[in-house]
Amino acid sequence: MDKLKLTYFDVSGGRAEPARLALHIGGIPFEDKRFAFGDFAEVRKTTPLDQVPTLHVNDVQVTQSDAITRYAGKLAGLYPEDDLQALFCDEVMGALEDINTKIVATFGMTGDALKHARDALAAEVLPRYLRWLQNQLEAHGGEFLADHRLTIADLKTFVILRWLGSGKLDHIPADLVETVAPKLAAFVDRIAGIPAIAEYYKLRGGS
């Protein structure tokens, strides 16, 4: 079996979390290499594109979070084998990465600039994506986002929606998902209740 090491910040959530969850659910052994934000300046020197997450597969280092998550999903049996269902899964993954990118673009802002940028996200951009995700959920049966079963699309959606509702993003209302797309809020609760996922967060101290 290949030796895997996944490197990312020591946080609950973020771009490595869907891969962490997939590997955990699949029972795939891996080294969960976590580091403090203050260590990023040194860690980034060891990465191909000055960013994380990275995944070592034996001695080969791979970058790009969605590629890593997709690989983890395939190892864990959480990525569709059917080409059309894989397309649906990838479509959701790409839209979620749009959300990530738009929020991360506000990092480093302060004061009125941050409030203006986040207010705009909460008023227009995020609701548009949330409604689209809710429509996708309904179009694919109401329980999962692709393949009529748990896939990495569900895991990444869960991670990002959990983040949006955490209250940790200033000027993003913690009830935004519940208000704009209530079926997605129910989806988050349902995914959180999957035994392997509940176990993962219990092992992490509930976070």
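Just so it is clear, none of the values below were taken in a lab; they were calculated from the coordinates. Source: prediction; values computed, not measured. Every residue, glycine as well, gets a Cβ built from its backbone with ideal geometry; the counts of neighbours run over all protein chains shown.
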Net charge near ASP170 (other residues with Cβ under 11 Å of its Cβ; Lys, Arg +1; Asp, Glu -1) is +2
Using Cα pairs under 8 angstrom and six or more residues apart, how large is the relative contact order of the chain, in percent?
21 percent
State the extension gain, in nm to one decimal, for the chain segment bounded by ARG190 and THR63, taking 0.36 nm per residue of separation less the distance between their alpha-carbons.
42.7 nm
Per residue of the chain, what 222 nm ellipticity follows from adding -39500 (n - 2.57) for every DSSP H run with n ≥ 4, rounded to the nearest 500?
-16000 deg cm²/dmol
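Indicate the gyration tensor shape class of segment 116-159 (rounded, prolate or oblate), computed on the Cα atoms with a ≥ b ≥ c the square roots of the eigenvalues: a/c under 1.5 is rounded; otherwise a/b larger than b/c is prolate and the rest oblate.
It is oblate, given that a/c is not under 1.5 and a/b is not larger than b/c.
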For LYS5 and GLU42, calculate 0.36 nm times their separation in residues minus their Cα-Cα distance, and state this gained length in nm to one decimal.
11.6 nm
How far apart, in nanometres, would the label points at MET109 and ARG34 be if each is projected 7 angstrom from Cα along the Cα-to-Cβ direction?
2.9 nm
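Give me the extension gain from ALA139 to ARG204: residue separation times 0.36 nm, minus the current Cα-Cα distance, reported in nm with one decimal.
Additional length available on full extension: 20.0 nm.
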With a 10 Å cut-off between alpha carbons and a GNM built on the chain, which of GLY111, GLY27, GLY13 moves the most?
GLY111
By count of other Cβ within 10 Å, fewest leading, how are MET93, MET109 ordered?
MET109, MET93
Count the DSSP beta bridges whose two residues both fall in the chain, then state the antiparallel fraction as a percent rounded to the nearest 5.
60 percent
Rg from C-alpha atoms of the chain, normalised by the globular rule of thumb 2.2 N^0.38 Å, equals 1.01
Which of ARG162, ARG190, ARG70 moves the most in a Gaussian network model of the chain with Cα springs under 10 Å?
ARG190
Just how far, in whole angstrom, is segment 83-126 from segment 141-207 if you go by their alpha carbon centroids?
16 Å
Can you tell me how segment 157-207 classifies by the Cα gyration tensor, rounded, prolate or oblate, using a/c under 1.5 as the rounded cut?
oblate
Quick check for me: using +1 on Lys/Arg Cβ and -1 on Asp/Glu Cβ, what's the dipole size of segment 83-194 about its Cα centre, in debye to the nearest 20?
240 debye
With the charge dipole of the chain built from beta-carbon charges (+1 for Lys and Arg, -1 for Asp and Glu) about the Cα centre, the Cα from LEU155, GLY141, GLY14 projecting farthest to the positive end belongs to GLY14
Vicinal HN-Hα couplings computed from phi for segment 124-135 (Karplus, 6.51 cos²θ - 1.76 cosθ + 1.60; Hz; Gly/Pro x)
10, 5, 5, x, 4, 5, 5, 5, 4, 4, 5, 4
Convex hull (Cα only) mean projected area of segment 4-77, reported in nm² to one decimal:
4.4 nm²
Among PRO127, PRO173, PRO29, determine the one that fluctuates most according to a GNM of the chain built with springs between C-alpha atoms less than 10 Å apart.
PRO29
So which chymotrypsin sites (Phe, Trp or Tyr not before Pro) in segment 83-153 pass both tests, a DSSP loop state and at most 11 other Cβ atoms within 10 Å of the Cβ?
PHE107
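Would you mind counting up the charge near MET109? Only other residues with Cβ under 13 Å from its Cβ, with Lys and Arg at +1 and Asp and Glu at -1.
0
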In whole angstrom, how long is each semi-axis of the equivalent ellipsoid of segment 95-207, when you take the square root of 5 times every eigenvalue of its Cα gyration tensor and sort them from largest down?
25, 17, 11
